[in-house]
Amino acid sequence: MTGSDQHILVIGAGQAGLQAAETLRSNGFEGRISLYGDEPYAPYHRPPLSKAWLTEKIDERQLTIRDISALERKGILLRTGSVIEAIDPHARSARVSDGSLVHWSGLVLATGATPRRLPGSESSKAVHVLRSRRDATEIAERLQHCAREGRPIIIIGGGFIGLEVAASARKLGLDVTIVEAASRLLERVLSSDLSQWYADLHRSRGTKLLIGAQVSNIEPVGPDQAIVHFADGRSVQAGLVLTGIGVIPNDGLARKAGIECDNGIVVDDCCRTSVPNIVAAGDCTVRRLPDGAKIRLESVQNAVEQGRSAALALLGKEKPFTETPWFWSDQYGIKLQIAGLSHGADTWVRRGESSESGFSIFHFKQDRLIAVDSVNAVKDHMLARRVIGTSAAPTIEQVQDARFDLFTLRSKSA
């Protein structure tokens, strides 16, 4: 897709949409690029929303990835506060909430995801989710209010968002309880040993944990409090209830337009959808693997790499995103970095003592390294990103041998 008469519409001004727009321009696309976002802000970083934005009020400029003037210099038209209500793949048009029609030659869907909510919690001012900058700003205000009033907070969901907010709230001196329905924290992503280590970490910082607790309902109390009722009859009142129980991919526009969806917009390794000239990137997607299985990844890396692949696909260039996925989380100043996907692992090896000074958990499946979780061990993480899936990956015996220098493997992966 080339030529100055072409117009590519990007729906979604988050990390994936921004990356797609900028990749188009940096790879010689001469036509018009329009970036539509439903929020009233220029593209911004989401990771600080559960951390520094809640406690330190980092400067707004630090949160912004690219301001409007920077996009203008690249010839990218940013439309904030603009909701796309429908797309028509046959007419190659999109209907905006103000009634106008936007015609496009190519379309990037980067519509993100929406946090899950517990039924009945929508009307309470004390119950929040965390996804957007507005969400985070409201939560920051509630945290300050709870600190002044001496009210506890409850976090439903022991995933990354919940644990990061808990750490931020403890930093403010608040009484924090984390409620997790599963048998342990971060059950889907961490080994049981590392999961227990994080549970101990949060307890050591004064956070209460209710593991295996089933929430039956949330009852609003007055203008700004709520009671969380549990299936076993217990109940806890709080000034803030945060629900961090996962997200739902925003695939409604695609689904209504007849684009294949299955818990997300189905894309291939190059982010092509089932409809020509329409690509998708980021949290709204589910990627079909060569064996037919599908995988959803929610991370900054995935958004950036898919945004890049999607843009190049529209330009007729193939750049499959098949690299080792990686993630990170900061809690109490401790950095957890994950390389690879540990699902299906049958052997785990810890390298280093389980302490804040740094260690890693190596995940193996049928003697093959598939993932490494590193706590304050940046070098281990960087090595893992380099060797997972290659012939340079260490064996179980090499990881078990404390005298073996894993970093000698870097030369083999070059």
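The values are calculated or read from the model by the stated rules, or taken from the named source; none is laboratory data. Everything quoted here is computed from the prediction, not taken from an experiment. Positions of Cβ are backbone-derived with ideal geometry, glycine not excepted, and every protein chain shown enters the neighbour counts. Remember, those area values only see protein heavy atoms, side chains included, never the ligands or the DNA or RNA. Shrake-Rupley method; radii C 1.70, N 1.55, O 1.52, S 1.80 Å.
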Could you list, in sequence order, the residues of segment 212-248 that are in contact with a helix residue (DSSP H, G or I) (Cβ under 7 Å, 6 or more places away or on another chain), open to solvent by less than 10 Å² (accessible area, probe 1.4 Å) and closer than 30 Å to Ile265 by Cβ?
Leu242
Subset of segment 43-98 (residues that are in a loop (DSSP other than H, G, I, E, B), in contact with a strand residue (DSSP E or B) (Cβ under 9 Å, 6 or more places away or on another chain) and more than 30 Å from Leu172 (Cβ to Cβ)):
Arg66, Lys74, Gly75, Thr80, Ser82, Val83, Pro89, Ala91, Arg92, Ser97
Identify all residues within segment 28-50 that are open to solvent by less than 60 Å² (accessible area, probe 1.4 Å), over 18 Å from Ala110 (Cα atoms) and more than 18 Å from the chain's Cα centre (by Cα); write none if there are none.
Gly28, Phe29, Gly31
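Any chance segment 289-296 includes a residue that's of a type in the set (Gly, Ala, Ser), surrounded by fewer than 19 Cβ atoms within 10 Å (Cβ to Cβ) and over 23 Å from Ile84 (Cα atoms)? Don't jump to the end; show me each part of the working.
Of the residues in segment 289-296, the ones of a type in the set (Gly, Ala, Ser) are 292-293.
This time we only want the ones that are surrounded by fewer than 19 Cβ atoms within 10 Å (Cβ to Cβ), so: 292-293.
Those left that are additionally over 23 Å from Ile84 (Cα atoms): 292-293.
Checked segment 289-296: at least one residue is of a type in the set (Gly, Ala, Ser), surrounded by fewer than 19 Cβ atoms within 10 Å (Cβ to Cβ) and over 23 Å from Ile84 (Cα atoms).
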Exactly one of Ile259, Ile218 is touching a residue at least 12 places away in the same chain (Cβ under 8 Å) and either within 24 Å of Leu163 (Cβ to Cβ) or out of contact with any Ser or Thr (no Cβ under 9 Å at 6 or more places or on another chain) (or both), and that residue is Ile218
Only one of (1) part of a strand (DSSP E or B); (2) over 30 Å from Gly252 (Cα atoms); (3) within 23 Å of the chain's Cα centre (by Cα) fails for Leu369. Which number is that?
(3)
With in contact with a strand residue (DSSP E or B) (Cβ under 6 Å, 6 or more places away or on another chain), more than 19 Å from Ile227 (Cβ to Cβ) and of a type in the set (D, E, K, R) as the only criterion, which of Arg205, Arg148, Arg131 stands out?
Arg131
Among the residues of segment 345-357 satisfying the criterion of being part of a loop (DSSP other than H, G, I, E, B) and modelled with pLDDT of 90 or more, which is most open to solvent (accessible area, probe 1.4 Å)?
Asp346
Boolean, Glu122 is open to solvent by 50 Å² or more (accessible area, probe 1.4 Å) and either at pLDDT 95 or above or in a loop (DSSP other than H, G, I, E, B) (or both):
yes
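With the requirement that a residue be under 15 Å from the mean Cα position of the chain (by Cα) and not β-branched (Val, Ile, Thr), what does segment 159-179 give you?
Once the filter is applied, which keeps residues that are under 15 Å from the mean Cα position of the chain (by Cα) and not β-branched (Val, Ile, Thr), segment 159-179 yields Gly159, Phe160, Gly162, Leu163, Glu164.
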